[in-house]
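Structure provided below as structure tokens; questions to follow.
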Amino acid sequence: MSDSATTTESKSWLSSVDFKTLGPAIALILLCVVGFLLNSAFLSEGNITNLLTRSAFIGIIAIGATFVITAGGIDLSVGSMAAVIAGVMIIVMNSAVEIMGTGVATVLLGCGVSVILGVGAGWANGFLTTKGKIEAFIVTLGTMGIFRSLVTYFADGGTLSLDYGIRETYRPVYYEAFFGLPVPVWVFIFVSIAGWVLLNRTAFGRYCTAIGSSESVARYSAIKVDRIKTWTYVIQGLCVAMATIIYVPRLGSASSTTGVLWELEAIAAVIIGGTVLKGGYGRIGGTILGALILTTIGNILNFTDMISNYLNGTMQGLIIIIAVWLQRADWGKKSKPKS
Amino acid sequence: MSDSATTTESKSWLSSVDFKTLGPAIALILLCVVGFLLNSAFLSEGNITNLLTRSAFIGIIAIGATFVITAGGIDLSVGSMAAVIAGVMIIVMNSAVEIMGTGVATVLLGCGVSVILGVGAGWANGFLTTKGKIEAFIVTLGTMGIFRSLVTYFADGGTLSLDYGIRETYRPVYYEAFFGLPVPVWVFIFVSIAGWVLLNRTAFGRYCTAIGSSESVARYSAIKVDRIKTWTYVIQGLCVAMATIIYVPRLGSASSTTGVLWELEAIAAVIIGGTVLKGGYGRIGGTILGALILTTIGNILNFTDMISNYLNGTMQGLIIIIAVWLQRADWGKKSKPKS
Amino acid sequence: QDQIKIGVSYPTPTHAWAAGMNWHAEQAEARLEALYPDVDLILVNSPDPGAQASAIEDLVSVHQIDALVVLPFESEPLTDPVLNVKKTGALITVVDRGLSLPGIEDIYVAGNNPELGRVSAQYMKTRLKEGDNIVVLRGIPTIIDNERFDAFMAEMEGSGVNILDHKHANWNRDDGFEVMQDFLSRFPDIDAVWAQDDDIAIGVVAALKQAGRDGDGMFVVGGAGMKETIKGIMDGETLVPVDVLYPPAMIATAMDVTVAAFKSNGPVSGRYILGATLITPENAASFYFPDSPF
Amino acid sequence: MADGAIHTTPVLSAERVSKSFGAIPVLFSISFDLRAGEVHALIGENGAGKSTLMKVMSGFIPATSGTLRVDGEEVNLPPNGQAEDLGIVLIHQELNLAEQMTVEENIFLGREIVRNGVLNRREMTAQVQKMFSDVGLDISPKARISSLSIAQKQMVEIVKATSRNARVLIMDEPTAVLTEAETGVFFEQVAKLKKRGTAIMFVSHKLQEVKEISDRITILRDGQWIATKPADEFTLDAMAQMMVGRELSDLYPPIHEADVDAPRVLEVSNLTTKNVRGISFDLRAGEVLGFSGLIGSGRSEVFESICGLSEIESGTIKIDGAEVRFSSVAQARDAGVVYLTKDRKSKGLLMEQGMQKNMTLLALPKFVKNFMLDKGAEEKALARGVRRFDIRARDPNVKAGDLSGGNQQKLLLAKVMECNPRVVIIDEPTRGIDVGTKQQIYHFIAALAAEGMSVVVISSEMPEIIGICHRVFVMRDGRIMGSVTGDAINETEIVRFAAGLKEEVRDV
Ligand SMILES: Nc1ncnc2c1ncn2[C@@H]1O[C@H](COP(=O)(O)OP(=O)(O)OP(=O)(O)O)[C@@H](O)[C@H]1O
Ligand SMILES: Nc1ncnc2c1ncn2[C@@H]1O[C@H](COP(=O)(O)OP(=O)(O)OP(=O)(O)O)[C@@H](O)[C@H]1O
Ligand SMILES: [Mg+2]
Ligand SMILES: [Mg+2]
């Protein structure tokens, strides 16, 4: 009997793969075909590398968002958080130059600051949500405004620029490649694997899912709901910190426009990937595909001048809707009872 | 026996008023006190009128959003929708000048176009959400991009501006006052009352609440869930159309920056007012207070130069969080079991 | 009335140019208020046109200003609100972007957007020959961007230089970087880049360096007059050899003139159009303000 | 009673109806008919397909094959409860009320009384008030559903259904969460409806009451039709036997004498919370302690507060003589005290998740090896739970919400038992469970006690309290009225305490 159970298991695993994973994957493949047809340079090594590197930012943040959303929360503050972390990192590193020079130590200090700020900001979001009993939407809308205005304040409305000495030391973190892949892509891969394991293979991930499914059931099942929820925001903060660490060496600057709308992009990546916005079901693999899809759309639009620039937003909107629709449609499944 | 039930009831009604209605009201009163202390002109008739008139836009849109959110949906596209409706209205009115002149007929034509577009756009959002089975977040994120880029396209990247002849005819809709209150405030009052009646005194309102509470329960009660949900988006579209009708005569133009972030403001107003983001509980009265709170925050910040302009966002964020916290805190209630 | 109240309204700085403008405005406020104890300048910034209209209403209803210095977010939407201020009898100074009805402002101080495009194109033509290829990165879709772009295209007309494509990079470094990366993947042969703005140019330069395509006489023309860019020009940088001025200090000029309208005996009304000077290694030193944030 | 009805055409009938979920068949060619003015009971083991048949017959799910007839006419019932327009009303096994809405709003949901386009709330409230006073219910029409106890919700659900003037009323285990008193009230309603000519189809696992009120009984087993006969032709034993397909021995296990000298595992004195006052009792190793009382008497609250689920105002709790105060369920669990909720839908199981995730959720730390979840061990745990509690799911990947009601209850039991507690508190252990499994559960509880574990059984079913407990405490209005021990445990004694006719003077 347990035998037959296993076969059914693997079958239904396959079929669940069909609809939930293949959806975004198909969308991505279609996009790539379109890109290639528009311009064969789309599949050039250089472009693929650019694409992956760009996806790394949004992807890493979206992996954090997957936890928050799976546990039934939402974080609108990530873009602003990235901006303020980048700003403070730059200020700290610039002022450390005099004492510590422009070596690796200063860069590490900057990274340390980033992680501390990310964790702290995430914790603040989590604390206000759980202990303050304020809706996550409101808390993070508030902190979004706060972080954004803080970075504007630090930058005096303009741009904070990294000292040119440190920039030289820090540069490789964005521009170097190992085994053919740029460092940000490696970080993305690492965070993805860590995120996948955490969500699918640890008690913590199970708890996130349970809380997103039903907070009261989770509470009756000995889960420390507030603590786990706070942790999801901390993880989100940590992911933002990582994304920022690889973002800063790219242009060496932060301003009040850094990270604008990243929150919507990250949430969109998560949901395109099949995670349910109301919580209880999260997919890291889907999130990664979602981030790739979003970046690819932007990339393709830069590869053609067939459409008016002004209509980029229209194309983007249409493709996002279609990508999700591809995934929701019950491919080949007979119409099932509505639930 | 039934008597005692009634008294308990009325008591609990009172206590529910305490925490849900008084919260935002207290926040608003506190804000007004602060405003008055900063500058006594805050309570001048001119300023109060300005405040109310300004709240009208966001307030009217937020009333629509109350329906969408109560029924468990979300609409991120309202700001862009307002922009594109304003744009098309202007184009239509401008081109009607030649045939119809600059009289009231042209303005009415514009208003008609606005309503048709609002209803149409809302219906599209609703249709994609219900029949396309795509999450409302994704649908409206998509249409947000689409509407925004369409208005940019129509304006050719610049600004669409209303013919000056029509402007003269149309002007009173924003600037005239009846019985001491400007027209937009009257419209706001009218929409508020209509919204309140619709949500609290009609079967439709109950269906929205039921759907937001539990779609399956609603379905089992033979409620046409998809139809009602679509209607909430249509109402949202209609509200956006109304807000646009009073917005256009104010600035006489539309561009790609019109209505940016209105969606977040509208949702924030709704939630500050006590409506639950996950659906199932909506309060029009609260939404109105929420809109007033948001406008008052901006107004107060214009009143003082004590704080760096760059920190406006910080103040705004803090006040929003505190306003909601004031409302959530169990005033005087004994600590109850965590839920 | 003892105090002369002057409201100064401009968009919230969200990029370096605006921050420079904000800095100049604050400098001017401190300087003028110290100079004239009976003058009170009230600086307000707003994140969007609607908010700016509201802020202007508040300046009138709360502060009862005697004069308004306004850098409109956009011309159209602010025309009516400023007209309402005008009706209260206040003096109106408009900066940078003109209103859409003539005759509202008493004083007009502005940079010159079409000139910026034209000057950039003229420089391009001196460096490029027929058959050469350039790409264009534009700003945020607005009138300013259109004016600059249209003038640039008009000037390039008939030069034989191919404009491969133009995309919006939103006056933003990140967007400049990404759009340029994609242009580089897409077009194997690019001879020059018009980035229109110094922020975009920074992203473009980073992308060029990453792709190793910053040699062979490749050059980038930005605009505005960022101090780092000017410093580079003074140091003989070849990748960004020139810049086109669009000075953020114009707000200070406007404030000075407005105060002068109350304090000076001579007439000050009129139009002050600042040039879009081409900054080259020869004249760069005179545009370099190391203390400004921009 | 049924005589007059027998020769008329059935109001609603199913002919050779089959139903499969995906590839999994659940009903095999079932025929069932329902006549005006009769009560037709449907009984069968958990997972036999009773709820499924009811949903098919009321249009909520389409049959895979077979025909439905209304008044002899073949029909295609419209989906989503629209069959109500044809006079067919279903009360679901799982409560279907909108939690944040009020009682009145729920009762009239979908068929509000409207005057000039505006709700006539006064009229609706008055009607609800009248319905409630007719059945002697003390619930305010304006109370929010979320503030009601499960039993109150069930009564609201029943009132909602009966108020719809149905020709056919289909009720899936309406009495599962009701006490005997409330069941009595409910049966009066049924009798009234019957007189009006309403056809009633109903499911219950309480065979005694099935025999009492039904005219005909149909038995299902494993999705197959077994028998349909008039109620008086069945004996209780025959019903049980036909359902389970085997001879049932004694329902209740022999009670081993409790060891009066066994150590006290749990001692509670003077516990006071929001709704209960001055609760004192103790629990010995190897003892099965019953908690009886009317609904809302505060039994659940006593134990929820002990387990850290609700606030304690005062009082002391000792485990093995050491004072404790659990602030979270995790602490209670780690100390070996677990609580099995009576509200399996909103507090017990994750309805959207599979059996596996539900099974190990409470005991999850046990399954962590090197910071990772040990999937193998989890699978074994599920297999163990399925075996031990006889959880019958034809599709092992089914969502908990798609399990049959009884099997959900068994899964919940398995989940709680997975953490090997020393003290287990079971709130309504056999709610919605068939006789066969009930017997297994009673024996299981007895075996646990025999092994030295302590069990608290909170139950509204008098026979099971009497059948398996060593000692019984009776609560009323948030207080313990008294206790009965051993042979003194009998129905009259408990009822006298519960009704407040007797109160023991206890030294506290
Ligand atoms: N939506 C569904 N998807 C898959 N399987 C289902 C679904 N609904 C019910 N089942 C399965 O159908 C079978 C019959 O379930 P049903 O609920 O009809 O049993 P029941 O007789 O009502 O049992 P109980 O007495 O426990 O309530 C069970 O094995 C159940 O898991
Ligand atoms: N969520 C709630 N909000 C308000 N009152 C509640 C809530 N839950 C329970 N109560 C009240 O607390 C008291 C104790 O309820 P409790 O559920 O503990 O009783 P019980 O004896 O276990 O009843 P049941 O037979 O329903 O299990 C009752 O008066 C009940 O109405
Ligand atoms: Mg001043
Ligand atoms: Mg059932």
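Under the Kirkwood approximation for Rh and a Cα-based Rg, what ratio Rg/Rh is obtained for the stretch C:1-93? Show your work: numbers first, answer last.
Details: Rg = 12.9 Å, Rh = 13.4 Å.
On the Cα set of the stretch C:1-93, Rg over Rh gives 0.96.
I would also like to ask the following. Using only atoms on other chains, find how many Cβ atoms lie within 10 Å of each Cβ of peptide B:245-258 and report the average. Walk me through the numbers before you get to the answer.
On the way: counts 0, 0, 2, 0, 1, 6, 11, 7, 9, 4, 9, 6, 11, 5.
That average works out to 5.
On to the next question. What ranking do D:Arg496, B:Arg167, C:Arg148 get, fewest neighbouring Cβ atoms within 10 angstrom at the top? Could you put the intermediate results ahead of the total?
Values: D:Arg496 16, B:Arg167 20, C:Arg148 29.
So the residues, fewest neighbours to most, are D:Arg496, B:Arg167, C:Arg148.
What is the mean number of Cβ atoms from other protein chains located within 10 Å of the Cβ atom of each residue in peptide D:105-112, rounded to a whole number?
6
Looking at D:Ile312, D:Gly59, D:Thr360, which one has the Cα that reaches farthest to the positive end of the dipole of chain D (charges on Cβ: Lys, Arg +1; Asp, Glu -1)?
Going by the charge dipole, the pick is D:Gly59.
Volume per residue, Å³, of the convex hull around the alpha-carbon atoms of the protein assembly as shown? Walk me through the numbers before you get to the answer.
Details: hull volume 294.2 nm³, N = 1480.
Roughly 199 Å³ of hull volume per residue.
As an exercise, find the ratio Rg/Rh for chain C from alpha-carbon atoms, using the Kirkwood inverse-distance average for Rh.
Working: Rg = 20.4 Å, Rh = 20.0 Å.
Using only Cα positions, Rg/Rh for chain C is 1.02.
In whole angstrom, and with the biggest value first, how far do the Cα coordinates of the stretch D:347-420 range along each principal axis?
Ordered largest first, the stretch D:347-420 gives principal extents of 36, 23, 23 Å.
Counting other beta carbons within 10 Å of each Cβ, put A:Val187, D:Val118 in order, fewest first.
Working: A:Val187 19, D:Val118 13.
Fewest to most other Cβ atoms nearby, the residues stand as D:Val118, A:Val187.
Now, a different point. Order of D:Glu182, D:Glu323, D:Glu123 from fewest to most other C-beta atoms within 10 Å?
D:Glu323, D:Glu123, D:Glu182
If you don't mind, there's one more thing I want to ask. Hey, could you pull the Cα Rg and Dmax for chain B, both in Å?
Gyration radius and largest Cα-Cα distance of chain B: 20.9, 73 Å.
Still on this structure, please answer the following. If you plug each phi of the stretch A:109-116 into the Karplus form 6.51 cos²θ - 1.76 cosθ + 1.60 with θ = phi - 60°, what whole-Hz ³J(HN,Hα) values come out, in order, with x for Gly and Pro?
4, x, 5, x, 4, 4, 5, 4
Would you please put D:235-243, B:274-282 in order of how densely packed they are, using the mean number of other Cβ atoms within 10 angstrom per residue and starting with the highest? Could the numbers behind the result be given before it?
Numbers: D:235-243: 16.8, B:274-282: 21.3.
For the peptides D:235-243, B:274-282, the packing ranking is B:274-282, D:235-243.
In addition: Distances over 18 Å make up what percent of all Cα-Cα pairs in the stretch C:168-211? Don't skip to the end; give the middle numbers.
Values: 128 of 946 pairs.
So the portion of pairs separated by more than 18 Å is 14 percent.
When only alpha-carbon atoms count, how far does the stretch A:163-277 stretch along each of its three principal axes, as whole angstroms with the largest first?
56, 35, 26 Å, listed from the longest principal axis down.
Return the tail of the calculated pair distribution for the stretch D:10-244, meaning the percent of Cα-Cα pairs more than 28 Å apart.
On the way: 8475 of 27495 pairs.
Result: 31 percent of Cα pairs exceed 28 Å.
Okay, next question. May I ask you to order C:91-103, D:14-26, C:246-258 by the average number of other C-beta atoms within 10 Å around their residues, highest value first?
On the way: C:91-103: 19.9, D:14-26: 16.4, C:246-258: 23.1.
Answer by packing, highest mean first, reads C:246-258, C:91-103, D:14-26.
For the rotation bringing B onto A, which B residue has its Cβ nearest the axis, and at how many Å?
In chain B, the Cβ lying nearest the symmetry axis toward A is B:Lys278, 4.
Starting from a label point 7 Å past Cα on the Cβ side, list the distances from A:Lys131 to the same position in the other copies, nm, shortest first.
5.0
Put a point 7 Å out from Cα along the line to Cβ at B:Met100; what are the distances to that point in the other copies, in nm, shortest first?
Between copies, matching label points for B:Met100 lie 6.7 nm apart.
In whole Hz and in residue order, list the ³J(HN,Hα) couplings for the stretch C:89-94 that follow from phi through the Karplus curve 6.51 cos²θ - 1.76 cosθ + 1.60, θ = phi - 60°; x for Gly and Pro.
x, 6, 7, 10, 10, 10
By how many degrees, 0 to 90 and rounded to 10, does the Cα axis of helix B:183-201 deviate from the longest principal axis of chain B?
Computed tilt is about 40 degrees.
In debye to the nearest 20, how big a dipole does the stretch D:347-420 give about its Cα centre with +1 on each Lys and Arg Cβ and -1 on each Asp and Glu Cβ? Mind dumping the intermediate values first?
Numbers: 14 positive and 8 negative charges, 37 e Å.
Dipole size: approximately 180 debye.
How do the peptides C:273-285, B:88-100, B:154-166 rank, highest first, by the average count of neighbouring beta carbon atoms within 10 Å per residue? Each step should come with its number before you reach the end.
Details: C:273-285: 15.9, B:88-100: 17.5, B:154-166: 20.5.
The packing order, highest mean first, is B:154-166, B:88-100, C:273-285.
I've got another one for you. How about the stretch D:331-393: which chymotrypsin sites (Phe, Trp or Tyr not before Pro) there are in a DSSP loop, with at most 13 other Cβ atoms within 10 Å of their Cβ?
D:Phe371
I would also like to ask the following. Provide Rg over Rh for chain D; use the alpha carbon set for both Rg and the Kirkwood Rh (inverse mean inverse pair distance).
Working: Rg = 23.3 Å, Rh = 24.1 Å.
Computed over Cα atoms, the ratio is 0.97.
Could I ask something else about it? The stretch D:272-345: which trypsin sites (Lys or Arg not before Pro) are DSSP loop and have at most 14 other beta-carbon atoms within 10 angstrom?
On the way: sites: D:Lys274, D:Arg277, D:Arg284, D:Arg299, D:Lys318, D:Arg325, D:Arg333, D:Lys342, D:Arg344, D:Lys345; in loops: D:Lys274, D:Arg277, D:Arg325, D:Lys342.
Taking the stretch D:272-345 and a limit of 14 other Cβ atoms within 10 Å, the loop trypsin sites (Lys or Arg not before Pro) found are D:Arg325.
Here's another thing I want to ask about it. Taking +1 at the Cβ of each Lys and Arg and -1 at the Cβ of each Asp and Glu, which of D:His470, D:Phe444, D:Val456 sits farthest along the dipole of the stretch D:434-477 towards its positive end, judged by Cα position relative to the Cα centre?
Result: D:His470.
What are the ³J(HN,Hα) values, in whole Hz, obtained from phi via the Karplus relation 6.51 cos²θ - 1.76 cosθ + 1.60 with θ = phi - 60°, for each residue of the stretch D:381-389 in sequence order, with x given for Gly and Pro?
4, 5, 4, 5, x, 4, 5, 4, 10
Just the number, please: percent antiparallel of the DSSP beta bridges in the stretch D:312-465, rounded to the nearest 5.
40
Still on this structure: For A:316-327, what's the mean count of beta carbons from other chains sitting within 10 Å of each residue's beta carbon? Before the final figure, lay out each step's value.
On the way: counts 6, 15, 4, 2, 8, 11, 3, 3, 10, 7, 0, 1.
Partner-chain Cβ atoms within 10 Å, mean over residues of A:316-327: 6.
Every other copy gets compared here: list the nm distances from the B:Ser40 label point (7 Å along Cα to Cβ) to its counterparts, shortest first, one decimal.
8.0
What's the angle, to the nearest 10 degrees (0 to 90), between helix C:198-211's Cα axis and the longest principal axis of chain C?
20
FYI, it's all coordinate maths here, none of it is from the lab. This is a predicted model, so every value here is computed, not measured. Cβ sites come from the backbone with ideal geometry, for glycine too, and all protein chains shown count toward neighbours.
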